[in-house]
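Worksheet for the structure shown next.
The values are calculated or read from the model by the stated rules, or taken from the named source; none is laboratory data. All values reported here derive from a predicted model rather than from experimental measurement. We work out accessible area using only protein heavy atoms, side chains counted, and drop any ligands, DNA or RNA first. Shrake-Rupley method; radii C 1.70, N 1.55, O 1.52, S 1.80 Å.
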Amino acid sequence: MKQTKILILLLLLPCFLFSQEKEKYDWHKTIIEFDYGFGIHQSAKDYHSTTESSANVYKENNFINFRYTNAFFVKSDLSLGLSLGFEIAPVIEIPLTLDIRKYFGTNKNRNYLSLNLGKAFYKSAEFNTWLGELGFGRNFKLGKKSSLNTSFSYQLTYLKEGSVKVSEDDRSWVKDFYMHSLSFRLGIMF
């Protein structure tokens, strides 16, 4: 009789341990975002001198970006994630960033503040840029587990030294290159 009770408890144990909860905490989200950005200011020094030029190094000031983020909610209003992207600017770069988002409020549609820090890689080893981005956005609930993200952000890109494409035929070596830009981002989180 005792063995039968233990067997029944062992058979019922998985039902209690792995049963679905009504309000299960969803700690992992995938975020896919597209953005359009435009440069507002560029400055660089010629590699062989210390003269700073605030003139545009790049002729094109606009860029488009795709970003894929794995976000982990450490709290219901704070997520940390790793983001990998593909940016088409005057050169094609692969940004890899740490994505931090702080959500405000408990409504299903809520505002958030985002911070991205990381590096962007170009096909040649000498072109490694640091980037930082600060943005403000709104999260709109679409379904039970999905939502639409819209945000507006400021991005600062820094290149210590490297070759940049000034025009189609000309490349120039620069140092201390800074690019300030604004971007509008639209994405889905599920």
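Here are the numbers for this structure:
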| quantity | calculated |
| --- | --- |
| Rounded percent of accessible protein surface that carbon and sulfur make up, the stretch 115-161, 1.4 Å probe | 67 |
| Nearest-10 value in Å² for the accessible area of His41, using the 1.4 Å probe | 80 |
| Apportionment of accessible area to carbon and sulfur, the stretch 65-112, percent (1.4 Å) | 67 |
| Rg to Rh, two decimals, where the stretch 107-146 supplies the alpha carbon set and Rh follows Kirkwood | 1.25 |
| Rounded accessible area of Trp27 (nearest 10 Å², 1.4 Å probe) | 140 |
